[in-house]
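Inspection log for the structure reproduced underneath, given as structure tokens.
The values are calculated or read from the model by the stated rules, or taken from the named source; none is laboratory data. All of these numbers come straight from a predicted model, not from anything done at the bench. All Cβ positions, glycine included, derive from the backbone under ideal geometry; neighbour counts span all protein chains shown. In case anyone asks, the SASA skips ligands and DNA or RNA and just uses the protein heavy atoms, side chains included. Shrake-Rupley method; radii C 1.70, N 1.55, O 1.52, S 1.80 Å.
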Amino acid sequence: MRVKIKNEDNRLKSSEDIRKTMKVERGSWLEKLKTKWTYIDVVLANASERHITQEAVKVWLLDLHRLAYDIEDVLDDMATETLRRKLNDESHGNTSIGVDINTILALRSNRNFERLEETSLLDESPVLGREKDEAAVLEKLLGDESCNQNVSVVCIVGFGGVGKTTLAKLLYNNEKVKDYFELTSWVCVSNDFDVLAVSKAIYQAVTGEDNTPAGLNHLQEVLKEKLSNKRFLLVLDDVWNEDHQKWKDLEKLLKGAPGSKIIVTTRKMKVASTMDNVKCHNLGILSDEDSLSLLAKFAIDEHNFDNHPLSSLAQDIIMKCKGLPLALIAIGRVLKGKGNDEWDKLLKSEIWSSDDGEGDILPVLKLSYYDLPLHLKKLFVYCCLFPKDYLFNKNALVLLWMAEGFISESKGTKTMESLGHQYFEGLLSRSFFQHSTEKESEYIMHDLMHDLAISFAGEFFFMLDDKMNVNGRNEDFNKIRHFSFLNQPDEEFINFKELHKSRRLRTFFPVSVNWRSRFNTSDHV
């Protein structure tokens, strides 16, 4: 199939030119545009890992994405103009409106989504092969203190995707832990180790209050009072801080009764070295036996591959996944219900040998992404507009997807919103989302999944965090279609002068900051 790509100097006609032209050849032009859109949709829906290993294909697909956006912009302009004319004609008693808006929108609302996901929530992912790790860290948490300090740190260190947060969650919910500690709280820290921000998050996690005392000194005094004389357990998840002084500043306010503990999860041993009175537990990869069990659970709903016809191929796949639970779960869900030929085809994929500097685990996750139908790919990539550790509210996120036009019009008994919920469950079932540890009703995206979304977002999506400024940057803002920025009430408003170049922007919204939950989708809807 060949689709002609127009260059930047020969763009699609403006909406005004289109309306003038369509007075003469309205039907034929619209049909050509709809046909071209259909071709592009088919090509993009069937794009595979070829563009990772073939640079020419990668460039061609990028041009195709640009053209798809241009066509959709024209269709949106036409739909808006048609609706305006319809309202104007109706106000004058004229029912003749020319091009029917439903005709224009039909190529989006009538697309045949080949696969709809189940709507029921899956059970929590099984935790296999971590019994010894759980027992070892539990001993550190509940053992007698050999030091004079009231609070000590247990640091869980391991690769991304190896299950550090999962192990911390196992311990956090352990009955012995619940009985031993008087107060437990969980805070996701991530890259930004601002002492005031982390202190606010800890205060809100401990007290359950949204409002925090003003100023670091006052906040620390109040927090000390809340924690004093109580044996507490605090989990600081996903810490990257390597600044010893920042840790000392935070440590000053974390004073409790003897036996109090802080669990820190991190990918870097250097993070642990910044802390005093710390005990480390290195979380290794899963054994081959446990890897096979985990893959079997998600791929064939069995405990193992004993006497199974896919046993040999399963052995090869776990070697590719390198003992990382996140990779094994993701690939298991891709392979579920597929036969020998498809397993073999996946093993021979060129993605395994690609080296694009994005980490060893990403090839596995990319296969999971390519297995998604087109409509779920769009919904997933859209989430790159939110920062890492974002707490997603499902209802609010579905409304945002609907506002973007990513969900087709309702058909039959299903409303557009219920269809959006079904799509969310499809992404959840494939591990693109996970249940939040901090708030049961909300969801998070693993850091590596977030990196994956960014890698596929390309030039069309841009999130401005609180460490960046758009002015003087090298990005081609004219190509950006979706833009978001962190909106913190106590921060100076950002100058968006460079965004004046963004003539094709579709999305512009602030991501509100809520320190109790870090970031929360429900703040926007």
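Would you please put 377-383, 137-143 in order of how densely packed they are, using the mean number of other Cβ atoms within 10 angstrom per residue and starting with the highest?
Details: 377-383: 20.7, 137-143: 16.9.
The packing order, highest mean first, is 377-383, 137-143.
With the dipole of the range 128-234 worked out from charges on the C-beta (+1 for Lys and Arg, -1 for Asp and Glu) around the Cα centre, which of 160, 227, 205 lies farthest toward the positive end?
Among 160, 227, 205, the one farthest towards the positive end of the dipole of the range 128-234 is 160.
Are any of the pairs 132/164; 366/414; 248/279 more than 21 Å apart by Cα-Cα distance, and if so, which?
Values: 132/164 14 Å; 366/414 31 Å; 248/279 17 Å.
Over 21 Å apart, Cα to Cα: 366/414.
As a test of reading the structure, rank 316, 465 by solvent-accessible area (1.4 Å probe, protein chains only), most first.
Details: 316 75, 465 40 Å².
From most accessible down to least: 316, 465.
Quick one: what are the phi-derived ³J(HN,Hα) couplings along the range 383-396, Karplus 6.51/-1.76/1.60 with θ = phi - 60°, whole Hz, x for glycine and proline?
Rounded to whole hertz, the list is 6, 5, 6, 10, x, 4, 6, 5, 8, 8, 8, 4, 4, 5.
Based on the Cβ-Cβ distance of residue 183 and residue 278, what FRET efficiency does E = 1/(1 + (r/R0)^6) give at R0 = 22 Å, to the nearest 0.05? Each step should come with its number before you reach the end.
Working: r = 21 Å, r/R0 = 0.95.
Plugging the Cβ-Cβ distance into 1/(1 + (r/R0)^6) gives 0.60.
Can you sort 276, 238 by solvent-accessible area, 1.4 Å probe, largest first?
The ordering from most to least exposed comes out as 276, 238.
Given labels modelled 7 Å from the Cα in the Cβ direction, how far is it in nm from residue 207 to residue 422?
4.6
Hey, can you grab everything whose amide H is under 5 Å from the amide H of residue 264? Only 5+ residues off in sequence or another chain; H modelled, so Pro and N-termini drop out.
Those lying under 5 Å, H to H, from residue 264 are 154, 155, 156, 236.
Please list, in chain and number order, the residues 5+ apart from residue 464 or on another chain whose amide H is under 5 Å from its amide H, with Hs placed from the backbone.
484, 485, 486
Give me the one-decimal nm value for the distance between modelled label points at residue 59 and residue 288, 7 Å along each residue's Cα-to-Cβ direction.
The answer from the label model is 4.4 nm.
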